Amino acid sequence: MQVGMIDVYGSILNAGQQRADLIANNIANADTPNFKAVDIPFADTLSAQLSGNTTPAPEYRADATVGLDGNDVSLDGERVESASNAESMTAASTFLHQSTSDLVTALRPNPSGI
């Protein structure tokens, strides 16, 4: 396993954390009048992380239904997005853990000398 893969998993976790922050903010403002839910495209954020560019700006969700108070946050939709984001972050952290474990094992001297 290449050390570069560790950077990829770290970037995936960073992008997931940025998205989790936005989802949490949307949920926190579910009852705020005229609040518009925002999100960042995961693929764009990951490519920016990997290339060292700045993170793309959050975008308003286009498919949201606006309520009478002007708020378009759907708590059910946010829960689904949060669960999906958590799954990808869990997978990335599992792969990152395995990658670093393999790297440590490869660097450890063989006690039997074979």
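The values are calculated or read from the model by the stated rules, or taken from the named source; none is laboratory data. The shown structure was predicted, so the numbers you read here are calculated from the model rather than taken from an experiment. Cβ coordinates were reconstructed from backbone atoms using ideal geometry, including for glycine residues, and neighbour counts include every protein chain displayed.
Here are a few things to note about the model shown:
Residue by residue, here is whether (1) loosely packed, with under 15 Cβ neighbours inside 10 Å; (2) outside any helix (DSSP H, G or I) holds:
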position	(1), (2)
S11	no, no
N53	yes, yes
G70	yes, yes
T105	yes, no
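- Taking the criterion of being farther than 30 Å from N34 by Cβ and either in a loop (DSSP other than H, G, I, E, B) or among the small types (G, A, S) (or both), the residues of segment 72-103 that qualify are S88, A91, A92, S93, S99, S101.
- Here A48 clears all of (1) closer than 16 Å to S88 by Cβ; (2) in contact with a Ser or Thr (Cβ under 6 Å, 6 or more places away or on another chain); (3) among the aliphatic types (A, V, I, L, M) except the condition numbered (1).
- Considering residues of segment 73-109 that are of a type in the set (A, V, I, L, M) and within 19 Å of the chain's Cα centre (by Cα) only, the residue modelled with the lowest pLDDT: L96
- Residue among N29, N34 that is farther than 18 Å from R79 by Cβ and out of contact with any Pro (no Cβ under 8 Å at 6 or more places or on another chain): N34
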